[in-house]
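Accompanying notes for the structure given below.
No lab work stands behind these numbers, since they all come straight from the coordinates. Everything numeric in this text was worked out from a predicted model, so none of it was measured.
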Amino acid sequence: MINLSRDIHSLTDFKRNTTEFVQRLKQTKHPLVLTVNGKAELVVKYPESYQNLLTAVELVGTLKGI
């Protein structure tokens, strides 16, 4: 789940501190929302978390088909 006070940052901040953000992604597995001009533009997600999301979506699709 996204923590609004911790997981939303500017793209510029992400570019300046990429190593720190990557370490945080590895530790927390929480997605980061990156903003451009104050508006959400991107979501960066740890690969394992993204795979879990895809698996869950696939399962829901299968269950809907039953």
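Computed 3J(HN,Hα) for the range 28-45, one whole-Hz value per residue from the Karplus formula 6.51 cos²θ - 1.76 cosθ + 1.60 where θ = phi - 60°, is 8, 6, 8, x, 10, 9, 10, 10, 10, 6, x, 10, 4, 10, 9, 10, 10, 10, glycine and proline marked x. In the chain, the DSSP-assigned H stretches of four residues or longer account for a calculated mean residue ellipticity at 222 nm of -17000 deg cm²/dmol, using -39500 (n - 2.57) per stretch and the full residue count as denominator. Derived scalar couplings between HN and Hα for the range 19-27 equal 4, 5, 5, 5, 4, 5, 4, 5, 6 Hz in order, rounded to whole Hz, by the Karplus curve 6.51 cos²θ - 1.76 cosθ + 1.60 (θ = phi - 60°), x for Gly and Pro.
Close amide-amide hydrogen proximity is noted between residue 10 and 35, each under 5 Å apart and 5 or more residues distant or on a separate chain (H modeled in the peptide plane; Pro and chain starts excluded).
I want to verify a result. In a Gaussian network model of the chain, Cα cutoff 10 Å, which of these has the top mean-square fluctuation: 34, 11, 42? Ranking 34, 11, 42 by mean-square fluctuation puts 42 first.
Note that the chain carries a Kirkwood radius of 13.1 Å, evaluated over its alpha carbons pair by pair.
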